[in-house]
1. For region 375-391, indicate whether the set of residues that are touching a helix residue (DSSP H, G or I) at 6+ places or on another chain (Cβ under 9 Å), of a type outside the set (Gly, Ala, Ser) and closer than 30 Å to residue 474 by Cβ is non-empty.
2. All but one of (1) more than 24 Å from residue 215 (Cβ to Cβ); (2) over 22 Å from the mean Cα position of the chain (by Cα); (3) not hydroxyl-bearing (Ser, Thr, Tyr) hold for residue 144; which doesn't?
3. Hand me the list of strands (runs of 3 or more DSSP E) wholly inside region 254-329 holding 3 or more residues that are within 26 Å of residue 119 (Cβ to Cβ) and touching a Gly at 6+ places or on another chain (Cβ under 8 Å).
4. Can you name the residue in region 374-392 that is open to solvent by 50 Å² or more (accessible area, probe 1.4 Å) and not in a strand (DSSP E or B) and is also nearest to residue 316 (Cα to Cα) among such residues?
5. Considering only residues that are open to solvent by 10 Å² or more (accessible area, probe 1.4 Å) and assigned to a helix (DSSP H, G or I), which ones fall in region 92-117?
6. Wholly within region 152-221, which strands (runs of 3 or more DSSP E) include no fewer than the required count, namely at least 3 residues that are open to solvent by 70 Å² or more (accessible area, probe 1.4 Å) and either free of Cβ contacts under 8 Å to residues at least 60 places away in the same chain or at negative phi (or both)?
7. With open to solvent by 60 Å² or more (accessible area, probe 1.4 Å) and either touching a strand residue (DSSP E or B) at 6+ places or on another chain (Cβ under 8 Å) or in contact (Cβ under 8 Å) with a residue 60 or more places away in the chain (or both) as the only criterion, which of 291, 302 stands out?
8. Tell me which of these residue 448 doesn't satisfy, since it passes every other one: (1) touching a Lys or Arg at 6+ places or on another chain (Cβ under 9 Å); (2) open to solvent by 30 Å² or more (accessible area, probe 1.4 Å); (3) assigned to a strand (DSSP E or B).
Amino acid sequence: MARRIENIRNIGIIAHIDAGKTTVTERMLFYSGAKHRVGMVDKGTTETDDDPEEQERGITIYAACVTFDWKDSHINLLDTPGHVDFTAEVERCLRVLDGAVVVFSAREGVEAQSETVWRQADRYQVPRIVFINKMDREGADFERVLEDIGDRLRAKPVAIQIPVGSGPAHMDNPFQAVIDLVEMKMLVFEGDQGNTIKIHDIPEAFLAEAELWRDRLLEQLFECSDEMLELALQEAEIPAELIHRVLRDATLGQLFQPVLCGTALHGIGVQPVLDGVARYLPSPLDRPPVEGHTTSTKKSGEPETVTRRPDPEDPFCGLVFKVLPARTGDLTWARIYSGSLKANSRIYNPGREVKDNVSQLWQIHATRKESQGQVDSVQAGDIVGIIGLRNSVTGDTLCDAKEPLVLESIDFPETVISMSIEPETATERSKLADTLEMITRQDPTLVVVSGDTGQTLLCGMGELHLEVIKNRLLRE
């Protein structure tokens, strides 16, 4: 599974519930060749929403990981929920991601949950690009959403595309294409699934507006590049490659967020988002070395801070960020920050002071193991599924026993609501306890409190959260 670290992109798709990010993920998988058909949320055929509860409700509840290649990049994509009750799933994913694609609806714009996930990304200092989806909907307004992102999120969005038209096909000026402001070309997406991109010169009717937006783009980037400013003062042509390079540096430095637009439902504008992921978002090498502290203390009595570079030659360390429980053996998701890890080896969990067996390593695909995805080893920068760990849970550090360190764990919000449950018969009591134990391994935000009356209290993040847990208990 060894690959060039500079080509790895660990990214997340984050958004509020109505932004249509599941469709964006499906399009990415389709255009990359990882799927041969675009799944639909309402038909329950999407790759990342395979839980019965997700298919029934048409929303994402559990974060899912899909891996695919786009041109020279290997992308590990975590598709996260958009509902506020499942914000913890976003939290644990942002903890291990290098970059993110934030999806907004062109009609609804910035909503309350958008602000929540944006603040989470700020806290973890995750570089972002923005995709304004659903440009084909009635009421779609690209410029208004762009202004909302700047005003409500205190962000610095920089448009690198503008839409040609907006709204559905029956309107006078429907959404039909996008204009690339860097290359100054119009991109028309043809074919049944929009998989053929035709590049045209910008029609005369749209040229003046496109030049106005390009000037705005360049003015925003001048403050990041003296070279660009000097070329502008000399009235010389600014090469597209220089603009791309400055955009990348500004994105990595979180000075700006490049903004693209389209409609994932009708296959317009998604391939440029994939190009933007490869071009602007960081590889593990572009992120600061991960920091942890040693298990031993200095003379002052404080633990010593140590760093690990994303280098296969450094001592191994990784972080568990999700557990999928199963009676045959849990699948533990881990981000590898340094060193390498081999199957049939032993690793150390310094937080619990135990050693664990790594029986198998799997390339994660959705919420299951990919049928042909078993690998012999992984290295720094990879996200991997581990089978065999018995003592490690979400937030635990995995490392080399000879070079122990503890990484910062993952903090989850306090529960806000509780519900009482009670087994119908005494024989079901042990089954209930076993099932709850499995669910809490997967969902660290669920708190189980056993009372003296025989009732059990489930404490969760909201009514929907508890309802999903209740339905899962009844089902399992």
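1. No.
2. (1)
3. Once the strands (runs of 3 or more DSSP E) in region 254-329 are filtered for at least 3 residues that are within 26 Å of residue 119 (Cβ to Cβ) and touching a Gly at 6+ places or on another chain (Cβ under 8 Å), what remains is 257-261, 317-324.
4. Step by step, filter region 374-392, then rank; the result is 376.
5. Once the filter is applied, which keeps residues that are open to solvent by 10 Å² or more (accessible area, probe 1.4 Å) and assigned to a helix (DSSP H, G or I), region 92-117 yields 95, 112, 113, 115, 116.
6. Per the criteria, 196-200.
7. Going through 291, 302 in turn, the sole match is 291.
8. Only one criterion in (1) touching a Lys or Arg at 6+ places or on another chain (Cβ under 9 Å); (2) open to solvent by 30 Å² or more (accessible area, probe 1.4 Å); (3) assigned to a strand (DSSP E or B) is unmet by residue 448, namely (1).
The values are calculated or read from the model by the stated rules, or taken from the named source; none is laboratory data. Quick caveat: nothing in here was measured; it's all calculated off a predicted structure. Note: ideal-geometry Cβ built from the backbone for every residue, glycine included; neighbour counts use all protein chains shown. Note: accessible area is taken over every heavy atom of the protein model, side chains too, but ligands, DNA and RNA are not part of it. Shrake-Rupley method; radii C 1.70, N 1.55, O 1.52, S 1.80 Å.
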